[in-house]
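Chemist: Provided herewith is a single structure, encoded as structure tokens, for subsequent inquiry.
The values are calculated or read from the model by the stated rules, or taken from the named source; none is laboratory data. Quick caveat, the model's predicted, so the values are computed rather than measured. Quick reminder, even Gly has a Cβ in these numbers, built from the backbone with ideal geometry, and neighbours come from all protein chains shown.
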Amino acid sequence: MNFMLTVFPRYDTDAKGDMSVFADGEQVSPWAAEAMTWAVGEQLLSGKGNGVLDPTGTATRAEVAQILMNFCENIAK
């Protein structure tokens, strides 16, 4: 058994979310675009309301906790 696969499971990263549904979706930095598109596609992120993603803002502790909870419940089952 491969130790690395046991400790670090591989997750499907093929999901692609539609960033155009967010008024500020085009403001996602190029280096973060692939990860953000995946996170939206997996519904880890759903925006801050009113069609705003706020990719240049700062996440609160509660927002990060919700993202981690979404990951644990929906992806790392």
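Chemist: Just name the residue that is nearest to G49 (Cα to Cα) out of those in the range 9-34 that are β-branched (V, I, T) and not in a helix (DSSP H, G or I).
Modeler: Per the stated criteria, the residue is V28.
Residues checked against (1) surrounded by 14 or more Cβ atoms within 10 Å (Cβ to Cβ); (2) part of a loop (DSSP other than H, G, I, E, B); (3) on the phi < 0 side of the Ramachandran plot:
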{"site": "M36", "(1), (2), (3)": "yes, no, yes"}
{"site": "G47", "(1), (2), (3)": "yes, yes, no"}
{"site": "P55", "(1), (2), (3)": "yes, yes, yes"}
{"site": "A59", "(1), (2), (3)": "no, yes, yes"}
{"site": "A62", "(1), (2), (3)": "no, no, yes"}
{"site": "Q66", "(1), (2), (3)": "yes, no, yes"}
{"site": "M69", "(1), (2), (3)": "no, no, yes"}
{"site": "A76", "(1), (2), (3)": "no, yes, yes"}
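Chemist: I've got another one for you. Here are the criteria: (1) closer than 16 Å to I75 by Cα; (2) surrounded by fewer than 16 Cβ atoms within 10 Å (Cβ to Cβ); (3) at pLDDT 95 or above. Tell me which single one S29 does not satisfy.
Modeler: Failed condition: (1).
Chemist: Here is a follow-up. Are there any pairs, at least 6 apart or on different chains, whose C-beta atoms fall under 7 Å, with the first in the range 29-50 and within 18 Å of V64 (Cα to Cα) and the second aromatic (F, W, Y), and if so, which?
Modeler: That search, which allows pairs on different chains as well, returns L44/F71; G47/F22.
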